[in-house]
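The next block holds one structure in the form of structure tokens; read it before the comments.
The values are calculated or read from the model by the stated rules, or taken from the named source; none is laboratory data. Given the structure is predicted, the values throughout are model-derived calculations rather than measurements. For neighbour counting, all protein chains shown are included, and Cβ atoms are generated from backbone atoms with ideal geometry for every residue, glycine included.
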């Protein structure tokens, strides 16, 4: 992928349309570095972090499940406390 636009992903061989309901996940960073914990859920974005020790993929699935709940932002963060 070379660019993210409002309505599409621009790739080498063309574009892929996306909708307002599309969730894009940036997995291009080193997820095993030590960083300060911040809330997973904020008003305009979701920050993937470990919520269980040594279980990055399960943490991501857990956060995705929480995102699908019709909960307040505070409740979502209560059930997804990051482990720095």
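Does at least one position in segment 3-20 carry a residue that is part of a loop (DSSP other than H, G, I, E, B) and in contact with a helix residue (DSSP H, G or I) (Cβ under 8 Å, 6 or more places away or on another chain)?
no
Candidates are the residues of segment 40-56 that are farther than 17 Å from residue 26 by Cα and surrounded by fewer than 18 Cβ atoms within 10 Å (Cβ to Cβ); the one that is modelled with the highest pLDDT is 43. Residue 18 meets each of the listed conditions (1) more than 14 Å from residue 81 (Cβ to Cβ); (2) in contact (Cβ under 8 Å) with a residue 24 or more places away in the chain apart from (2). If only residues of segment 57-84 that are loosely packed, with under 12 Cβ neighbours inside 10 Å and closer than 18 Å to residue 30 by Cβ are counted, the one that is nearest to the chain's Cα centre (by Cα) is 57. The residue that is surrounded by the fewest Cβ atoms within 10 Å (Cβ to Cβ), among those in segment 1-21 that are modelled with pLDDT under 90 and in contact with a strand residue (DSSP E or B) (Cβ under 7 Å, 6 or more places away or on another chain), is 2.
Entry remark, segment 31-46: residues being touching a residue at least 12 places away in the same chain (Cβ under 8 Å) and out of contact with any helix residue (DSSP H, G or I) (no Cβ under 8 Å at 6 or more places or on another chain) number 5 in total.
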